[in-house]
Structures are given as structure tokens and as C-alpha cells.
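Below is one structure, written out as C-alpha cells; comments come after it.
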Amino acid sequence: MNALISWLDHRTRIPTLLHELLFEQIPGGPRWRYAWGSTVLFAFFMQLVTGFCMWMNYSPSATTAWESVYYIQHQMTGGAILRGLHHYTAQIFVVLLALHTGQMVIDGAYRAPREFRFWITLLMLNLAVFLSVTGWALPWDQRGFYGSFIPTNLMLLAPGIGPVVRKIVIGGTEYGGHHTLTRFFSLHVGLLPLLMITCFVLRMALARKHGRHWVDHPRRAAAPFWPDQFLRNVAACLVVALLALFLTFRVRLLNGGAIGVPLMAPADSSQPYSAARPEPVFIWLFQMLKEFPGHREVIGAIVIPGAAMTLLALMPFIGRWKLGRGFNIAFVGACGIAILVLGGKALWADWHDEDYRNALARAESDGRRAVQLAEQRGIPPAGAITLVRDDPVLQGPRLFAQNCASCHRYDGHDGLGNRKSETPTAADLKGFATRQWLDGLFDKDKVASPHYFGGTAFKDGEMVQFVQTTVAGYDDEKRQRLENIKQALVADANLPGQVYDEAKLARVAAGRAALKTKAARCINCHIYDGAGDIEHDGPDLTAYGSRRWTIDFISNAAHERFYGTCNDRMPLYGQKKLLTQRQIELIVDWLRDPMGQHDTTEQPPPQATQPTTQPATRPN
Amino acid sequence: MPESHDSQADAAHSPHAPVEQPNRRQFVKKSVALAIAGAAVATPVTAGLLVVTDPLRKPASLGMPVLITAISALPNDGKPHRFPVVMEKTDAWTKHDRVAVGQVYLIRKGDTVRALSAECPHAGCKVDALGDGAFACPCHDSEFAADGSIKPLTRGGKRTVSPRGLDELQIDADALKRGEVVVLFQKFQTGNAQKKAL
């Protein structure tokens, strides 16, 4: 063994160097404060390991980036943990590096001959920012897309070189294509880590040349690095690893959610992302942009960060003056306080912003839906975005908010969860044609409320009067007939996921028969299954609320089958080409099945094969 | 998760711990230090290794019956004819409804059809069918007879390097009665004298 070591030492000097490192005498003995540097190095080591393992499974292009990250996170063992560790350690790394820089300033570790060590640390801080920005984009979900999009736009503010550098970095004028990803990716895994490693090596080489900066403790004896200081350093590193693990598992531990970082819906530059925020570590920069509105944006985005960085770089010279070191400490202290105040202000504002919290909740549920679609349907070669764009659950509420919510509501909101102050002028369509919805329609206290006809031209119409006077005075027998009619209408609407037994089917059959009778008075105004006057005023109730009926209604509410010339303000979405056929289908499929739990293809409506005696069959 | 070494660490550091032999104390301290270092390093390495070794835990995707052609489209001449193997395939995250995944040679004599994998058992190159019904590998020196068996010598007089003849693929007999050639598409380990499915 000794012979082997001495051979190795003779050829490489590695054992001697190791010995020098381990048994270096630390004046004043081991201290916890010396562990900072190793935590920075360890956090970077974690990034190299976790980053490389993701690299082995990642594919940078606009049609495969989200998809490959989805696969890592949801289909590979340990993938969610791996991505969580990388995501959170990135932020821990930035914090540790910033604190380490602050510590160097407080200790005066920038003074001659150690200026270069300090400057290299500042360079590493900048590299960490670039690593963060390029890293956010890589999952290519809405969060990452907008998180990196905004910093690249800020580059435009830099005079002269800004637009040129931006074009090179994002691979064109427009952010968001294949080349944005290939370029961000090669910077993120190639150039930037290489520069960072070079910085670490140079720092260590300089530390060997000039000696480390120890804060001497005259009353304590010097001690070798190994094992006491080593123990402190690795314990601090373990705390870093445990913190990253805790952050990765925190949602699972605190409220049983998913492990790791939630993956939002695939990037889509045509869709807004109202929850766009940088990662928490950089939230103060986001707030600084808000402090300088309009053409003064450049002050918050470039002038102040640039000036602060310049001042930091000049600290070795400032520190030579009598009051220089005090000034430097005061300055980093002020920077620290400013970061905390700005960050706190941003978090405080978001916490009290209902719109933001609503947008964030929606972004997370959209992300879960996108993952669900990928799991259930498989991702087509054109990418997961095609699944998202053709999904009623994701597109229905958006289309509703854009096209319907100026008059209608969905459960009191605009479909996307935003409450509106103005009174609706048309019905609330949540649960349209369900039993509960029809119960409300035939309730004398509700029929004229804004939930139904309250805001429309039919507020005092025949239907409202019928419900408020005739239906309100029904005896038990007539009430039972109405219940059967409602049951028949629900069966005709044929909403997915309903189950019928024999008794229920008998009521449906009775209701269908009753609908056609003069006594029930429906066919005075409506048509049902061939019964009723051609010159009707009310909509045709045949297959009322079914997928086909609702699509036809939205396409042309003024068709003689529906409101005809009595149509109030319902735009003729299909007739006037305000929406495509598919867009109307997406809205209808979402209204009929808001959670997307069922197949959207139409099934025949429930029907007893022979009205009373045959055993019931289950629809769907 | 890393193991807890708190009790040992406390014993090593507590000022009230009984005075131990300095050597023993040092030994405990060094062991604890190395254990902590190991736990810290193991955190990212474990997560990374789990993901990197994930393919070992995924089921094989081969061995599916695939419709190649109708028997009426296959010339009844006893010679090999090359057909693409087109099937549904999931490539990591991408689901292809129909994609070409390989090639087979079909040989028909009357009502019997044989299927040979087009991959040379030597190193996996695709073999070419020669006009006379024999096969030649374009990569290394290997030639095969019309029935897929090894020809000891190539036309150039070199020794064939393939360790076995072309791999025969199973044909669904019931489908063949209906007039369809359905092949159990598989790939086999190359370089072995025995035919072993991948």
C-alpha cells in the first residue's frame, strides 16, 4: 500500500496535495463560518450530478422539451425527485453564493492580494443568474416559457449590443422556437457550467497561492483541517442536501400533494399566462421592474443592478480608504435589506391579489390536466400542445370567458374563476340541463333571478309567468307529472356519466308522454317530438340539452327551431362564423363534462326498450 | 434518506461526555465526518441513478404480432420478398399510431409462408436479398441460403462470419388461413450461436 502511494506520489503528487489540503493548519482552530465556501461548492456539485442525469433524458426542441420533462417527471422512477432537487438546489446555490459574497465583504476578504478571488466570486454570481434564466426555459411549460421570456425582453433595454446579443441567444427575433431551446440548452449545460467550474478552480488555485483568509482567533490553538473543520463543512453540506430534499417533498409532506416541482401546461405563446413570476430567489428583481414604470423601466432592469455590480467590483479599491471597509459593509447590508424589502413587498402583494392566486391555481390545474392527457392519450409526434389545444376541459373555459361571459356566467364566474362585478344578462350555464338546473328553472323564486331569465328580454315572458303562477299552484299529481317531465328532459340531454335503473326509466317514459300532452301545456309554446304548433315561440324541446341540440343552439339561436325572431341578444356564433364548429364543440363538451371524466362521443339517449316490463338497461 | 448519526455526533461533541481515549474520540469523529459526507453526496447521486437506470425497469416493447401483408400480395415463387414492419409504437413520450419499425423477408411456397428477420445475426446490419434467392450482408462477410441457413463461403470465397443463420419469425397460422400474413415481430441478440430474444 505504501509502495503504491509513494509510486502515485512520485508520478502525480496527488497524495502530497491531498495531505496538504487535509492537514493544513487553521489558525484559531475550526469554525462553522468557514463552511460557507464548501456549501457553495457542494450545491454546485449537486447541480452537476442532477443536471447530467436529466440531460441524459432531455430533448431540447419546441415539440419535445415539455414532453421529455413530462416523461422524466411522471414516467421515470425518481424523476420527480431528481427534477425537484435540481430546481430547488439552483435557488439554494444562488442564495449561498450571495451570502458568501456578503461574508467576503464583511471579512474584508477582497483586500490585496485577494482581489481576484473576490472578482471571480462576483463573476460566479452573474453566471448563476444566467444559469437560472437559461434553466427556467428548458421544461418549456408556461411558467418556464414566460419566466425566461421576460428577462430576454429586458435585454432589449441594454443600449447597442442588447438586441444583437438577444437575437443570438434566442436564435432569432422571436423568442420561443426550436433554436431558443437548443441555444438556451447548450448555454445551460455547456458554456455556463464550464465557466463556473473554471471559476471554482481559479478560486482554489488563488487560495493556495495567497493562503486562505482566516479570521484568526488568538485564544484558540491552531488545528488541522481534518477532521474537525472537515466535519463542520460536510455537516453544512448535508444541511444543504436535506433542505433541497425538504423543498422537493414539502408539498407531499404538508398537504399530500405531488413530489417535486409542478409541471405547468406546455408553453403556448398564443395563450396568456397570468401567473408569470420569476423563481422566489429573483422575485425582488421582478418587484424592482414594477417600481420603475414606463420608459424608466431601464433604471430598474439595467441601471441599478449594473451600478450595484460595478460598486461591488470596485470594493477592493474602496476598501483601501480609511472609511472604505465600513462603507462596503454598509453597502452590502443595504443591498441585502433592499432585496428583502422588495421581495417581501412582491410576495405580500401577490398574497393579497386574488386574481394572481386564482391564475396560479388555474395554471396548476391546467398543468395537471395536460399531464393527465399525456398519460391517457399518449403524446402525438406533433407534441403535447396538440392535446391541450383540442381539450374541452382546457379550452372550454377559455372560450367561454372570451365569448360567453360578457352575458353568461359559469357558477357565478367567467369560466376561469374570475368574479365579475356587473350583473349577468343571461343564464348561468353551470350544470345546464342537469336535474338541479331544471329544478331551479321551475322554481318560482329562481326563474326570474339573474341565474335564469332575470337579465334577459324574457324576464317577464310567458315561461316565467307560467312557472310563477301555474307551476306554483300545482297540486301533488301535477307536481309529480312535472317531476317526470324534468326526468325526461334530463334523459334527453343525455349528459355523460348518468346511470338509470328501471324505476327511473319508467319515469322518463312517463315524462316523455306527458310532454306531448295539451294538459302539461309545454306544447303550447314548444315542440316536443313532433307534438306542438309549428308557429311556436319557445325553443324546440326535442333532444333538449343534448350535445347536438346545444351545438346547434350556439351555432344559430335565431333558427326557427330555437328562438327564431324572438332571439334576445344571443350572437349567432356558427352562422356568423364567430366561432368555428370545433370551438363550439369544445365549449359544449366542457359544459356537459367540466372535469373531462367521460368520453365525449354521443351515445343514444336512455330509453326503456318496452316502457314498463322489460328490465332496465344501463346507458353508456 | 441519509441515516441519522445524531447520537454519535452528540457523544463526540458533548462537553459532558465521559472523557474517552483521544484516539477513540478521533476515530468516532472521523467516521461521523465520512458518514455525513457520504450521505450528502448520496442525495443527488441516488436520485440521479434511479432515473439513469430507469430503462432496466421498463418492460420490453418487442414481441408484438404485426400484420405485414395479405397473402394475395405475396408472389408464390419461393423467393424472399422484403416488407416493412409497420405498427403502433411508443417511443419514450411519443406515441406513433403507425410507424415503420423494421423489415422482414417473406417467402411463399403454395400455402406456406416463412418469415425471416432482415437483421444479420452477426452484428445487426440489414441483409440484402440477391436475385437467386440467397442473402448477403453488406457490412461484413456473411451470406445465407434462400432458407436462411449459413453459406459457409461467400461468393468472394471468404468465410461467413455470422454465428447462425437468419432468424426465423413466428407466423400466426390462424391469420394465414384468413389470408393475412401476421408475424410475431422480435429482435434477437446478435453475435450468439443461439437465437435469444432481446
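In the set (1) within 17 Å of B:GLN186 (Cβ to Cβ); (2) at pLDDT below 95, B:SER149 fails one condition alone, (1).
When B:SER7, B:SER61, B:SER14 are checked against the criterion of being more than 8 Å from every other protein chain (Cβ to nearest Cβ), modelled with pLDDT under 90, within 30 Å of A:ALA370 (Cβ to Cβ) and exposed (fewer than 12 other Cβ atoms within 10 Å of the Cβ), B:SER61 stands alone in meeting it.
Only residues that are more than 23 Å from A:GLY455 (Cα to Cα) and either at pLDDT 95 or above or touching a Ser or Thr at 6+ places or on another chain (Cβ under 7 Å) (or both) were counted in segment A:553-576, giving 2.
Taking the listed residues A:ARG212, A:ARG219, the one that is surrounded by 14 or more Cβ atoms within 10 Å (Cβ to Cβ) and of a type in the set (Lys, Arg) is A:ARG212, with no other qualifying. Within segment B:123-137, the set of residues being out of contact with any Asp or Glu (no Cβ under 9 Å at 6 or more places or on another chain), modelled with pLDDT of 90 or more and part of a loop (DSSP other than H, G, I, E, B) comprises B:ALA123, B:GLY124. Any residue in segment B:39-47 that is free of Cβ contacts under 8 Å to residues at least 40 places away in the same chain, over 30 Å from A:SER38 (Cα atoms) and within 10 Å of chain A (Cβ to nearest Cβ)? No, there is no match, as no residue in segment B:39-47 is free of Cβ contacts under 8 Å to residues at least 40 places away in the same chain, over 30 Å from A:SER38 (Cα atoms) and within 10 Å of chain A (Cβ to nearest Cβ).
Being surrounded by fewer than 23 Cβ atoms within 10 Å (Cβ to Cβ), in contact (Cβ under 8 Å) with a residue 40 or more places away in the chain and not acidic (Asp, Glu) is the filter here; which residues of segment A:262-272 pass it? Result: A:PRO262, A:SER269, A:GLN271. Going by the conditions given, is B:PRO84 away from chain A (no Cβ under 14 Å), surrounded by fewer than 17 Cβ atoms within 10 Å (Cβ to Cβ) and within 20 Å of the chain's Cα centre (by Cα)? So B:PRO84 passes the test.
Of all the residues in segment A:374-419, those that are in a helix (DSSP H, G or I), within 14 Å of chain B (Cβ to nearest Cβ) and surrounded by fewer than 20 Cβ atoms within 10 Å (Cβ to Cβ) number 4.
Taking the criterion of being on the phi > 0 side of the Ramachandran plot and without any contact (Cβ under 8 Å) to a residue 12 or more places away in the chain, no residue of segment B:176-197 qualifies. Taken as a whole, the condition of being surrounded by 14 or more Cβ atoms within 10 Å (Cβ to Cβ), modelled with pLDDT of 85 or more, hydroxyl-bearing (Ser, Thr, Tyr) and closer than 20 Å to A:GLN487 by Cα applies to A:SER546. With respect to B:THR53, is the statement that it is within 14 Å of another protein chain (Cβ to nearest Cβ), surrounded by 14 or more Cβ atoms within 10 Å (Cβ to Cβ) and either at pLDDT 95 or above or closer than 14 Å to B:VAL183 by Cβ (or both) true? No: the conditions fail for B:THR53.
Residues are listed down the side, and each one gets a yes or a no for (1) in contact (Cβ under 8 Å) with a residue 12 or more places away in the chain; (2) among the small types (Gly, Ala, Ser); (3) more than 14 Å from chain B (Cβ to nearest Cβ):
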site: A:VAL189; (1), (2), (3): yes, no, yes
site: A:LEU192; (1), (2), (3): yes, no, yes
site: A:MET204; (1), (2), (3): no, no, yes
site: A:ASN233; (1), (2), (3): yes, no, no
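Do you know which of the residues in segment A:91-118 that are touching a Pro at 6+ places or on another chain (Cβ under 8 Å) and of a type in the set (A, V, I, L, M, F, W, C) is modelled with the lowest pLDDT? This residue is A:ALA112. Condition check for A:GLY172 on (1) of a type outside the set (Lys, Arg); (2) out of contact with any Lys or Arg (no Cβ under 6 Å at 6 or more places or on another chain); (3) assigned to a helix (DSSP H, G or I): one failure, at (3).
For the criterion of being in contact (Cβ under 8 Å) with a residue 60 or more places away in the chain, away from chain B (no Cβ under 14 Å) and surrounded by fewer than 16 Cβ atoms within 10 Å (Cβ to Cβ), A:GLY336 passes. Screening A:LEU242, A:LEU289, A:LEU314, A:LEU254 for residues that are assigned to a helix (DSSP H, G or I), surrounded by fewer than 22 Cβ atoms within 10 Å (Cβ to Cβ) and within 14 Å of chain B (Cβ to nearest Cβ) leaves exactly one candidate, A:LEU242. If you take the residues of segment B:23-37 that are in contact (Cβ under 8 Å) with a residue 24 or more places away in the chain and either touching a Leu at 6+ places or on another chain (Cβ under 9 Å) or under 23 Å from A:CYS53 (Cα atoms) (or both), which of them is farthest from the other protein chains (Cβ to nearest Cβ)? Here the residue is B:VAL32. Put simply, of A:GLY333, A:GLY343 the only residue that is within 30 Å of A:GLN73 (Cα to Cα) and at pLDDT 95 or above is A:GLY343.
Hey, can you tell me all the residues within segment B:108-122 that are in a strand (DSSP E or B), free of Cβ contacts under 8 Å to residues at least 40 places away in the same chain and out of contact with any Asp or Glu (no Cβ under 8 Å at 6 or more places or on another chain)? Passing the criteria: B:LYS109, B:THR112. Quick check on my filter: what residues within segment B:134-160 are touching a Gly at 6+ places or on another chain (Cβ under 7 Å) and surrounded by 14 or more Cβ atoms within 10 Å (Cβ to Cβ)? Of everything in segment B:134-160, those that are touching a Gly at 6+ places or on another chain (Cβ under 7 Å) and surrounded by 14 or more Cβ atoms within 10 Å (Cβ to Cβ) turn out to be B:PHE144, B:ALA146, B:GLY148, B:ILE150.
The values are calculated or read from the model by the stated rules, or taken from the named source; none is laboratory data. What you are looking at is a predicted structure, and each value in this text was computed from that prediction instead of being measured. Quick reminder, even Gly has a Cβ in these numbers, built from the backbone with ideal geometry, and neighbours come from all protein chains shown.
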